[in-house]
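Right, one structure below, let's go through it.
The values are calculated or read from the model by the stated rules, or taken from the named source; none is laboratory data. Owing to the predicted nature of the structure, the values given are computational and were not obtained by experimental measurement. No Cβ is skipped: glycine too gets one built from the backbone with ideal geometry, and neighbour counts run over all protein chains shown. The protein model used for the area step is the full one, side chains on, heavy atoms only, and it has no ligands, DNA or RNA in it. Shrake-Rupley method; radii C 1.70, N 1.55, O 1.52, S 1.80 Å.
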Amino acid sequence: MTTTATPQDTGQLTAKLSTLDRFLAVWILAAMALGLGLGRLLPHLGEAMGTLQVAGVSAPIAVGLLVMMYPVLAKVRYKEAGRVLGDRKLMVTSLVINWVLAPAFMFVLAWIFLADLPEYRTGLIIVGLARCIAMVFIWNDLACGDREAAAVLVAINSVFQVFAFGALGWFYLQWLPALLGLPTTSADFSFWTITASVVVFLGIPLVAGWLSRTLGERARGRDWYESKFLPRIGPWALYGLLFTIVLLFALQGDAIIAQPLSVVRIALPLLVYFLVVFFASMAIGFVLKMGYARTTTLAFTAASNNFELAIAVAIATFGVTSGQALAGVVGPLIEVPLLIALVYVALWSRKFFTSRTSSEPTEKVTA
(Lines give C-alpha, C1' and ligand atoms only; values in the text may rest on other atoms or scores of the structure.)
Protein backbone atom coordinates (compact mmCIF):
# COMPACT_ATOMS: atom_id res chain seq x y z
CA MET A 1 0.00 0.00 0.00
CA THR A 2 1.30 3.44 -0.88
CA THR A 3 -0.02 6.53 0.87
CA THR A 4 0.98 10.16 0.99
CA ALA A 5 2.20 11.14 4.44
CA THR A 6 1.52 14.61 5.75
CA PRO A 7 2.47 16.18 9.06
CA GLN A 8 -1.17 16.05 10.16
CA ASP A 9 -1.55 12.27 9.91
CA THR A 10 1.69 11.38 11.68
CA GLY A 11 -0.14 9.54 14.44
CA GLN A 12 -1.53 7.08 11.91
CA LEU A 13 1.79 6.22 10.22
CA THR A 14 2.75 3.28 12.39
CA ALA A 15 -0.74 1.83 11.99
CA LYS A 16 -0.25 1.85 8.21
CA LEU A 17 2.97 -0.12 8.42
CA SER A 18 2.98 -3.85 7.79
CA THR A 19 3.18 -6.25 10.71
CA LEU A 20 6.84 -6.83 9.91
CA ASP A 21 7.58 -3.09 10.01
CA ARG A 22 5.43 -2.31 13.03
CA PHE A 23 7.03 -4.93 15.26
CA LEU A 24 10.53 -4.61 13.83
CA ALA A 25 12.01 -3.82 17.24
CA VAL A 26 10.67 -7.16 18.53
CA TRP A 27 12.05 -9.06 15.52
CA ILE A 28 15.45 -7.39 15.94
CA LEU A 29 15.71 -8.34 19.60
CA ALA A 30 14.63 -11.87 18.72
CA ALA A 31 17.26 -12.00 15.96
CA MET A 32 19.94 -10.87 18.42
CA ALA A 33 18.90 -13.54 20.93
CA LEU A 34 18.79 -16.21 18.21
CA GLY A 35 22.24 -15.22 17.00
CA LEU A 36 23.71 -15.34 20.50
CA GLY A 37 22.06 -18.72 21.06
CA LEU A 38 23.43 -20.14 17.82
CA GLY A 39 26.88 -18.88 18.69
CA ARG A 40 26.75 -20.76 21.98
CA LEU A 41 25.19 -23.95 20.61
CA LEU A 42 27.48 -24.10 17.56
CA PRO A 43 30.88 -22.87 18.79
CA HIS A 44 32.55 -23.52 15.43
CA LEU A 45 29.92 -21.62 13.44
CA GLY A 46 31.93 -18.41 13.48
CA GLU A 47 35.04 -20.21 12.23
CA ALA A 48 33.06 -21.83 9.43
CA MET A 49 31.46 -18.51 8.44
CA GLY A 50 34.83 -16.82 8.36
CA THR A 51 36.41 -19.26 5.89
CA LEU A 52 34.96 -17.41 2.92
CA GLN A 53 35.00 -13.62 2.98
CA VAL A 54 33.83 -10.80 0.73
CA ALA A 55 35.49 -7.39 1.23
CA GLY A 56 36.78 -8.53 4.62
CA VAL A 57 33.32 -9.62 5.80
CA SER A 58 31.99 -13.18 6.14
CA ALA A 59 30.31 -14.19 2.86
CA PRO A 60 26.92 -15.09 4.45
CA ILE A 61 26.84 -11.68 6.17
CA ALA A 62 27.77 -10.01 2.88
CA VAL A 63 24.82 -11.76 1.20
CA GLY A 64 22.50 -10.57 3.97
CA LEU A 65 23.70 -6.99 3.56
CA LEU A 66 23.20 -7.04 -0.21
CA VAL A 67 19.70 -8.50 0.16
CA MET A 68 18.94 -5.85 2.76
CA MET A 69 20.07 -2.91 0.63
CA TYR A 70 18.74 -3.82 -2.82
CA PRO A 71 14.98 -3.27 -2.22
CA VAL A 72 15.57 0.11 -0.59
CA LEU A 73 17.84 1.31 -3.40
CA ALA A 74 15.34 0.02 -5.96
CA LYS A 75 12.84 2.53 -4.49
CA VAL A 76 15.05 5.54 -5.18
CA ARG A 77 13.97 7.82 -8.04
CA TYR A 78 17.43 8.35 -9.47
CA LYS A 79 16.33 10.98 -11.97
CA GLU A 80 15.49 13.23 -9.01
CA ALA A 81 18.97 13.00 -7.47
CA GLY A 82 19.99 16.23 -9.22
CA ARG A 83 17.74 18.34 -7.04
CA VAL A 84 19.46 16.89 -3.95
CA LEU A 85 22.90 17.79 -5.25
CA GLY A 86 21.59 21.32 -5.78
CA ASP A 87 20.68 21.63 -2.10
CA ARG A 88 23.93 23.18 -0.87
CA LYS A 89 22.56 23.64 2.64
CA LEU A 90 21.99 19.88 3.00
CA MET A 91 25.26 18.91 1.31
CA VAL A 92 27.48 21.18 3.38
CA THR A 93 25.71 20.40 6.66
CA SER A 94 25.95 16.66 6.08
CA LEU A 95 29.65 16.80 5.21
CA VAL A 96 30.49 18.90 8.26
CA ILE A 97 28.56 16.65 10.65
CA ASN A 98 29.78 13.37 9.13
CA TRP A 99 33.43 14.17 8.59
CA VAL A 100 34.26 16.87 11.15
CA LEU A 101 31.90 16.89 14.13
CA ALA A 102 30.91 13.22 14.51
CA PRO A 103 34.44 11.71 14.34
CA ALA A 104 35.72 14.40 16.71
CA PHE A 105 32.88 13.69 19.13
CA MET A 106 33.61 9.94 19.06
CA PHE A 107 37.29 10.68 19.74
CA VAL A 108 36.35 12.71 22.81
CA LEU A 109 33.94 10.04 24.06
CA ALA A 110 36.51 7.29 23.53
CA TRP A 111 39.03 9.09 25.71
CA ILE A 112 36.47 10.02 28.37
CA PHE A 113 34.99 6.53 28.76
CA LEU A 114 37.89 4.26 27.74
CA ALA A 115 41.08 6.12 28.65
CA ASP A 116 42.38 3.03 30.51
CA LEU A 117 41.46 0.55 27.75
CA PRO A 118 43.50 1.42 24.65
CA GLU A 119 42.25 -1.45 22.45
CA TYR A 120 38.58 -0.64 23.00
CA ARG A 121 39.32 3.06 22.69
CA THR A 122 40.98 2.53 19.30
CA GLY A 123 38.10 0.33 18.14
CA LEU A 124 35.59 2.98 19.12
CA ILE A 125 37.47 5.68 17.19
CA ILE A 126 37.51 3.41 14.12
CA VAL A 127 33.72 3.01 14.42
CA GLY A 128 33.40 6.80 14.48
CA LEU A 129 35.41 7.13 11.28
CA ALA A 130 33.32 4.55 9.37
CA ARG A 131 30.41 6.59 8.05
CA CYS A 132 27.12 5.03 6.99
CA ILE A 133 26.59 3.18 3.69
CA ALA A 134 24.18 0.33 4.49
CA MET A 135 21.60 0.08 7.27
CA VAL A 136 20.87 3.80 7.17
CA PHE A 137 18.64 3.14 4.16
CA ILE A 138 16.40 0.98 6.35
CA TRP A 139 16.09 3.55 9.14
CA ASN A 140 15.59 6.42 6.70
CA ASP A 141 12.89 4.56 4.78
CA LEU A 142 10.97 3.53 7.90
CA ALA A 143 11.08 7.13 9.17
CA CYS A 144 9.77 8.50 5.83
CA GLY A 145 13.00 10.35 5.07
CA ASP A 146 14.00 11.56 1.62
CA ARG A 147 15.13 8.46 -0.29
CA GLU A 148 16.90 10.37 -3.03
CA ALA A 149 18.75 12.51 -0.48
CA ALA A 150 19.80 9.39 1.42
CA ALA A 151 21.19 7.81 -1.76
CA VAL A 152 23.17 10.93 -2.62
CA LEU A 153 24.51 11.49 0.91
CA VAL A 154 25.56 7.86 1.25
CA ALA A 155 27.30 7.99 -2.13
CA ILE A 156 29.18 11.13 -1.08
CA ASN A 157 30.11 9.52 2.26
CA SER A 158 31.42 6.51 0.35
CA VAL A 159 33.73 8.64 -1.80
CA PHE A 160 35.03 10.45 1.28
CA GLN A 161 35.42 7.10 3.04
CA VAL A 162 37.75 5.75 0.38
CA PHE A 163 40.03 8.79 0.39
CA ALA A 164 39.67 10.16 3.94
CA PHE A 165 39.43 7.11 6.22
CA GLY A 166 43.16 6.40 6.34
CA ALA A 167 44.09 10.06 6.78
CA LEU A 168 41.57 10.56 9.56
CA GLY A 169 42.73 7.34 11.22
CA TRP A 170 46.27 8.73 11.33
CA PHE A 171 44.96 12.09 12.57
CA TYR A 172 42.88 10.71 15.47
CA LEU A 173 45.10 7.78 16.46
CA GLN A 174 48.55 9.37 16.11
CA TRP A 175 48.81 13.09 15.33
CA LEU A 176 46.11 14.50 17.63
CA PRO A 177 46.93 12.30 20.67
CA ALA A 178 50.62 13.20 20.29
CA LEU A 179 49.69 16.89 20.12
CA LEU A 180 47.63 16.52 23.32
CA GLY A 181 50.33 14.50 25.10
CA LEU A 182 48.28 11.28 25.00
CA PRO A 183 49.40 7.76 24.04
CA THR A 184 49.31 7.09 20.30
CA THR A 185 48.24 4.00 18.37
CA SER A 186 49.96 2.73 15.25
CA ALA A 187 47.51 1.48 12.62
CA ASP A 188 48.06 0.82 8.93
CA PHE A 189 44.65 0.90 7.25
CA SER A 190 44.38 -0.92 3.95
CA PHE A 191 43.16 1.33 1.14
CA TRP A 192 41.92 -1.75 -0.71
CA THR A 193 39.91 -3.03 2.27
CA ILE A 194 38.05 0.27 2.45
CA THR A 195 37.56 0.49 -1.31
CA ALA A 196 36.33 -3.10 -1.54
CA SER A 197 33.82 -2.48 1.26
CA VAL A 198 32.38 0.54 -0.54
CA VAL A 199 32.27 -1.17 -3.94
CA VAL A 200 30.61 -4.34 -2.65
CA PHE A 201 28.21 -3.02 -0.03
CA LEU A 202 27.15 0.13 -1.87
CA GLY A 203 28.18 -0.27 -5.50
CA ILE A 204 26.53 -3.62 -6.23
CA PRO A 205 23.08 -2.89 -4.70
CA LEU A 206 23.18 0.68 -6.05
CA VAL A 207 23.70 -0.52 -9.62
CA ALA A 208 21.08 -3.25 -9.16
CA GLY A 209 18.57 -0.74 -7.80
CA TRP A 210 19.19 1.70 -10.64
CA LEU A 211 18.85 -1.02 -13.27
CA SER A 212 15.64 -2.28 -11.68
CA ARG A 213 13.99 1.13 -11.77
CA THR A 214 15.30 2.06 -15.21
CA LEU A 215 14.35 -1.22 -16.89
CA GLY A 216 11.15 -1.68 -14.89
CA GLU A 217 9.78 1.78 -15.71
CA ARG A 218 10.85 1.43 -19.33
CA ALA A 219 9.07 -1.93 -19.69
CA ARG A 220 5.91 -1.44 -17.61
CA GLY A 221 5.80 2.21 -16.48
CA ARG A 222 6.29 3.96 -13.13
CA ASP A 223 2.82 3.15 -11.81
CA TRP A 224 3.35 -0.62 -12.21
CA TYR A 225 6.89 -0.39 -10.84
CA GLU A 226 5.91 1.47 -7.67
CA SER A 227 2.51 -0.10 -7.01
CA LYS A 228 3.24 -3.71 -8.02
CA PHE A 229 6.97 -4.45 -8.16
CA LEU A 230 8.25 -2.52 -5.13
CA PRO A 231 5.69 -3.95 -2.66
CA ARG A 232 6.77 -7.45 -3.70
CA ILE A 233 10.47 -6.92 -3.05
CA GLY A 234 10.07 -4.46 -0.13
CA PRO A 235 9.90 -7.02 2.71
CA TRP A 236 13.20 -8.55 1.62
CA ALA A 237 15.05 -5.51 2.98
CA LEU A 238 13.94 -6.39 6.48
CA TYR A 239 14.44 -10.11 5.92
CA GLY A 240 18.03 -9.31 4.94
CA LEU A 241 18.42 -7.08 7.99
CA LEU A 242 17.22 -9.79 10.39
CA PHE A 243 19.33 -12.47 8.68
CA THR A 244 22.41 -10.23 8.96
CA ILE A 245 21.78 -9.55 12.65
CA VAL A 246 21.43 -13.26 13.43
CA LEU A 247 24.75 -14.02 11.71
CA LEU A 248 26.59 -11.07 13.26
CA PHE A 249 25.64 -12.07 16.77
CA ALA A 250 26.28 -15.76 16.09
CA LEU A 251 29.75 -14.82 14.86
CA GLN A 252 30.62 -12.79 17.95
CA GLY A 253 28.31 -14.37 20.53
CA ASP A 254 31.11 -15.86 22.62
CA ALA A 255 33.01 -12.57 22.83
CA ILE A 256 29.87 -10.68 23.86
CA ILE A 257 28.78 -13.22 26.49
CA ALA A 258 32.29 -13.89 27.82
CA GLN A 259 33.07 -10.20 28.37
CA PRO A 260 29.85 -8.55 29.60
CA LEU A 261 31.63 -5.79 31.55
CA SER A 262 33.72 -4.89 28.51
CA VAL A 263 30.58 -4.76 26.40
CA VAL A 264 29.00 -2.37 28.90
CA ARG A 265 32.10 -0.16 28.94
CA ILE A 266 32.06 0.06 25.14
CA ALA A 267 28.28 0.44 24.95
CA LEU A 268 28.06 3.53 27.15
CA PRO A 269 29.98 5.94 24.86
CA LEU A 270 28.21 4.46 21.83
CA LEU A 271 24.84 5.14 23.44
CA VAL A 272 25.82 8.74 24.13
CA TYR A 273 27.21 9.12 20.61
CA PHE A 274 24.13 7.89 18.74
CA LEU A 275 21.68 9.90 20.85
CA VAL A 276 23.62 13.17 20.80
CA VAL A 277 24.46 13.04 17.08
CA PHE A 278 20.88 12.14 16.12
CA PHE A 279 19.15 14.81 18.18
CA ALA A 280 21.77 17.45 17.36
CA SER A 281 21.30 16.76 13.64
CA MET A 282 17.51 16.92 13.96
CA ALA A 283 17.85 20.25 15.77
CA ILE A 284 20.24 21.61 13.13
CA GLY A 285 17.88 20.58 10.32
CA PHE A 286 14.95 22.16 12.13
CA VAL A 287 16.79 25.45 12.68
CA LEU A 288 17.95 25.51 9.04
CA LYS A 289 14.34 24.84 7.89
CA MET A 290 15.23 21.79 5.83
CA GLY A 291 11.81 20.22 6.33
CA TYR A 292 11.03 16.89 7.94
CA ALA A 293 12.13 14.46 5.20
CA ARG A 294 15.60 15.92 4.64
CA THR A 295 16.17 16.65 8.32
CA THR A 296 15.40 13.01 9.11
CA THR A 297 17.77 11.85 6.37
CA LEU A 298 20.46 14.19 7.70
CA ALA A 299 20.02 12.79 11.23
CA PHE A 300 20.10 9.12 10.31
CA THR A 301 23.04 9.43 7.91
CA ALA A 302 24.95 11.27 10.65
CA ALA A 303 24.05 8.93 13.52
CA SER A 304 24.54 5.66 11.59
CA ASN A 305 27.91 4.05 11.14
CA ASN A 306 29.36 1.56 8.68
CA PHE A 307 29.97 -1.20 11.20
CA GLU A 308 30.74 -3.64 8.38
CA LEU A 309 33.78 -1.56 7.44
CA ALA A 310 34.74 -0.90 11.07
CA ILE A 311 34.74 -4.62 11.88
CA ALA A 312 36.59 -5.52 8.67
CA VAL A 313 39.29 -2.89 9.27
CA ALA A 314 39.68 -3.82 12.94
CA ILE A 315 40.02 -7.53 12.13
CA ALA A 316 42.40 -6.94 9.22
CA THR A 317 44.58 -4.54 11.24
CA PHE A 318 44.48 -5.94 14.79
CA GLY A 319 43.12 -9.50 14.53
CA VAL A 320 39.77 -11.23 14.97
CA THR A 321 40.17 -11.69 18.75
CA SER A 322 41.38 -8.13 19.40
CA GLY A 323 39.68 -5.60 21.61
CA GLN A 324 39.38 -3.34 18.58
CA ALA A 325 37.31 -6.01 16.80
CA LEU A 326 35.10 -6.46 19.86
CA ALA A 327 34.44 -2.71 19.93
CA GLY A 328 33.35 -2.92 16.30
CA VAL A 329 30.98 -5.79 17.08
CA VAL A 330 29.39 -3.92 19.99
CA GLY A 331 28.59 -1.13 17.50
CA PRO A 332 25.57 -2.87 15.91
CA LEU A 333 24.60 -4.32 19.30
CA ILE A 334 23.81 -0.75 20.37
CA GLU A 335 23.09 0.89 17.01
CA VAL A 336 20.43 -1.47 15.69
CA PRO A 337 17.88 -1.41 18.55
CA LEU A 338 18.57 2.24 19.37
CA LEU A 339 18.12 3.54 15.83
CA ILE A 340 14.94 1.54 15.30
CA ALA A 341 13.65 3.27 18.44
CA LEU A 342 14.75 6.62 16.98
CA VAL A 343 12.64 5.85 13.90
CA TYR A 344 9.57 6.19 16.11
CA VAL A 345 11.01 9.32 17.71
CA ALA A 346 11.49 10.82 14.26
CA LEU A 347 7.93 9.98 13.21
CA TRP A 348 6.62 11.55 16.41
CA SER A 349 8.67 14.70 15.79
CA ARG A 350 6.88 15.39 12.48
CA LYS A 351 4.32 17.50 14.32
CA PHE A 352 7.05 20.03 15.10
CA PHE A 353 7.77 20.52 11.42
CA THR A 354 5.21 22.83 9.86
CA SER A 355 4.32 22.83 6.16
CA ARG A 356 6.91 21.44 3.77
CA THR A 357 9.43 23.74 2.22
CA SER A 358 9.13 24.22 -1.49
CA SER A 359 12.27 22.14 -2.03
CA GLU A 360 11.03 19.14 -0.05
CA PRO A 361 9.28 16.38 -1.98
CA THR A 362 6.10 14.61 -1.00
CA GLU A 363 7.08 11.56 1.01
CA LYS A 364 5.73 8.13 0.26
CA VAL A 365 5.05 5.47 2.85
CA THR A 366 5.11 1.97 1.41
CA ALA A 367 3.69 -0.76 3.54
Test result for VAL264, without any contact (Cβ under 8 Å) to a residue 40 or more places away in the chain and surrounded by fewer than 23 Cβ atoms within 10 Å (Cβ to Cβ): yes
Qualifying helices (runs of 4 or more DSSP H) (wholly inside region 253-344; at least 2 residues being modelled with pLDDT of 85 or more): 260-287, 292-303
Which listed residue is in contact (Cβ under 8 Å) with a residue 40 or more places away in the chain and not in a helix (DSSP H, G or I), from GLY145, GLY169: GLY145
Subset of region 192-249 that is within 21 Å of PRO332 (Cβ to Cβ) and among the aromatic types (Phe, Trp, Tyr) - its residue that is modelled with the lowest pLDDT: PHE201
Test: residue in region 37-46 that is at pLDDT 70 or above, buried (at least 21 other Cβ atoms within 10 Å of the Cβ), part of a helix (DSSP H, G or I) and not charged (D, E, K, R): yes
Single unsatisfied condition, GLU226 versus (1) closer than 22 Å to PHE113 by Cβ; (2) charged (D, E, K, R); (3) open to solvent by 10 Å² or more (accessible area, probe 1.4 Å): (1)
Boolean, LEU129 is out of contact with any His (no Cβ under 8 Å at 6 or more places or on another chain) and surrounded by 24 or more Cβ atoms within 10 Å (Cβ to Cβ): yes
Only listed residue being open to solvent by 10 Å² or more (accessible area, probe 1.4 Å), not charged (D, E, K, R) and not in a helix (DSSP H, G or I), chosen from ALA104, ALA115: ALA115
